[in-house]
Amino acid sequence: MRDDATAIDAPIRLALRPKEAAQALGISPRTLWSITADQSSGIPFVRLSAKAIVYPTRELADWLTDRVKAGGR
């Protein structure tokens with residue numbers, strides 16, 4: 001088996017848990033919670049239950065791209 005086979009066979013991550021999303025964005029989990037709580041931020045998330053939230057990877061990437069295009073606003 002080739003070394004790159006693992007990357008090809010890896011499952012696609014449809015969503016990230018808060019800690020993973022914060023790490024992907026380069027911010028602290030606490031900052032992510034603040035952004036999520038601010039409904040005007042528009043950050044995409046899905047509440048799976050009263051305690052479980054995930055951030056869809058594609059929508060999170062699109063949200064970040066939009067923020068960059070808007071000059072960080």
- line: Scoring only Lys, Arg, Asp and Glu (+1, +1, -1, -1) among other residues with Cβ under 11 Å from the Cβ of residue 57 yields -1
message: Cβ neighbours within 10 Å, averaged per peptide: list 51-58, 62-69 in order, most packed at the top.
response: 51-58, 62-69
message: Contact order normalised by length for region 13-69, with contacts defined as Cα pairs under 8 Å and 6 or more residues apart; what percent is it?
response: 37
statement: The residues 43, 12, sorted from fewest to most surrounding Cβ atoms within 10 Å, come out as 12, 43
message: Between residue 12 and residue 68, what is 0.36 nm times their sequence separation minus the Cα-Cα distance? Round to one decimal in nm.
response: 17.7 nm
query: From the square roots a ≥ b ≥ c of the eigenvalues of the alpha-carbon gyration tensor of region 13-69, which class results: rounded (a/c under 1.5), prolate (a/b over b/c), or oblate?
result: rounded
task: Sum -39500 (n - 2.57) across every DSSP H segment of at least 4 residues in the chain, then divide by the residue count to get the 222 nm mean residue ellipticity, nearest 500.
output: -13500 deg cm²/dmol
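Throughout, read-outs are computed from the coordinates displayed, never taken from laboratory work. Bear in mind the structure is a predicted one, so any value in this text is a computation, not a measurement. Reconstructed Cβ throughout: ideal geometry from the backbone, glycine too, with neighbour counts over all protein chains shown.
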